[in-house]
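Written out below as structure tokens is the structure these notes cover.
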Amino acid sequence: MYHEITPEGFGIAIEKEKDLFSEQSPYQKVDVFSSRAFGNVLTLDGLMMVTQRDECFYHEMIVHIPMLTHKNPENILVIGGGDGGTVRELLKHPEVKHIDMVEIDKAVIDASKKFFPEVSCGLDNPKVSVRIEDAVEFIKDKENIYDIVLIDSTDPIGPGEGLFNEGFYNNVKKALKKGAIVTPQTEGPFAQSENMKKTYRLLKKVFKNVAPYCSPMPTYPGGYWSWGFCSDSVEIPFDYKQIDEKRAQNIEKTCKIYNRKLHCAVFCVPNFVKELADGK
């Protein structure tokens, strides 16, 4: 039986069928097991990352909300995302010319290619440059390159810790083209409320327009997750007129979760989430 218990004293349990893979990389312990309920499951240092059954909840949300709000997203940076699901969703957009994916831990990529082929299937696409390095260092000398930056990171501990500070986000901002959008994962509003609050305080120091959006995430603690929509020049897409209707119609045909009505609805968050994003 796999268990993940939060510091608050609750969590999830998944019945294992078989342990498939285990490796201690230089950065973290990478494990994969099979389950009847969720198919193959990837954990890092014992924390839930990806399951075959519900990965679409996360990957469709982090990608299609910013991509379909941007007018012409051609050059994309993915920070983290070693399982490949974010890249797979990005490649559904024909406008994309190039994707840099910067993942610090090669073991995550290798395990994902072997045990999650339907998730990692885009990593060998010629539009994709996979870079095994520290994103904190990678981003330091980049200027005016990216239309979209997706920060598909782990929690702010271990390898992901350096991705949660003002210096890093200021470097990300320098790497953006005019009209760009940045979307980081911003933790679970219920299970990681303090981390979420700190993250939005940070994001609002760097970007003019910042808002959370949320979706169910069955296997993450609390079953509810958030992402941040951040830009200096693009307004928060509360109105359907801000979405490219034709592009969105084509994308939603390929998705299990995303659709045009949901695009704006995910920004209608509960009061307690608004308070967290306001630092309260």
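Here is how the numbers come out for the structure above:
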{"quantity": "Selection count, the range 1-51, where residues are at pLDDT below 95 and of a type in the set (K, R)", "calculated": "0"}
{"quantity": "Selection from the range 186-224 of residues that are among the polar types (S, T, N, Q) and under 16 Å from the mean Cα position of the chain (by Cα)", "calculated": "T186, Q192, N195, T199, S215, T219"}
{"quantity": "Any hit, the range 46-59, residues being touching a Gly at 6+ places or on another chain (Cβ under 7 Å) and surrounded by fewer than 17 Cβ atoms within 10 Å (Cβ to Cβ)", "calculated": "yes"}
{"quantity": "Extreme residue, nearest to E252 (Cα to Cα), among residues of the range 43-90 that are more than 15 Å from the chain's Cα centre (by Cα) and of a type in the set (A, V, I, L, M, F, W, C)", "calculated": "L68"}
{"quantity": "Condition broken by I109, with the remaining ones in (1) touching a residue at least 24 places away in the same chain (Cβ under 8 Å); (2) surrounded by fewer than 23 Cβ atoms within 10 Å (Cβ to Cβ); (3) closer than 15 Å to I251 by Cα satisfied", "calculated": "(3)"}
{"quantity": "Inter-residue pairs, beta-carbon under 8 Å, first within 26 Å of T43 (Cα to Cα) and part of a loop (DSSP other than H, G, I, E, B) and in the range 66-89, second modelled with pLDDT under 95 and among the small types (G, A, S), 6+ apart", "calculated": "none"}
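Here's the yes/no breakdown for (1) among the basic types (K, R); (2) surrounded by 22 or more Cβ atoms within 10 Å (Cβ to Cβ); (3) out of contact with any Ser or Thr (no Cβ under 9 Å at 6 or more places or on another chain):
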residue: A13; (1), (2), (3): no, no, yes
residue: F21; (1), (2), (3): no, no, yes
residue: Q24; (1), (2), (3): no, no, yes
residue: Y27; (1), (2), (3): no, no, yes
residue: R36; (1), (2), (3): yes, no, yes
residue: P66; (1), (2), (3): no, yes, no
residue: K71; (1), (2), (3): yes, no, yes
residue: E74; (1), (2), (3): no, no, yes
residue: K92; (1), (2), (3): yes, no, no
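The values are calculated or read from the model by the stated rules, or taken from the named source; none is laboratory data. Not measured: the values here are computed from a predicted model. Every residue, glycine as well, gets a Cβ built from its backbone with ideal geometry; the counts of neighbours run over all protein chains shown.
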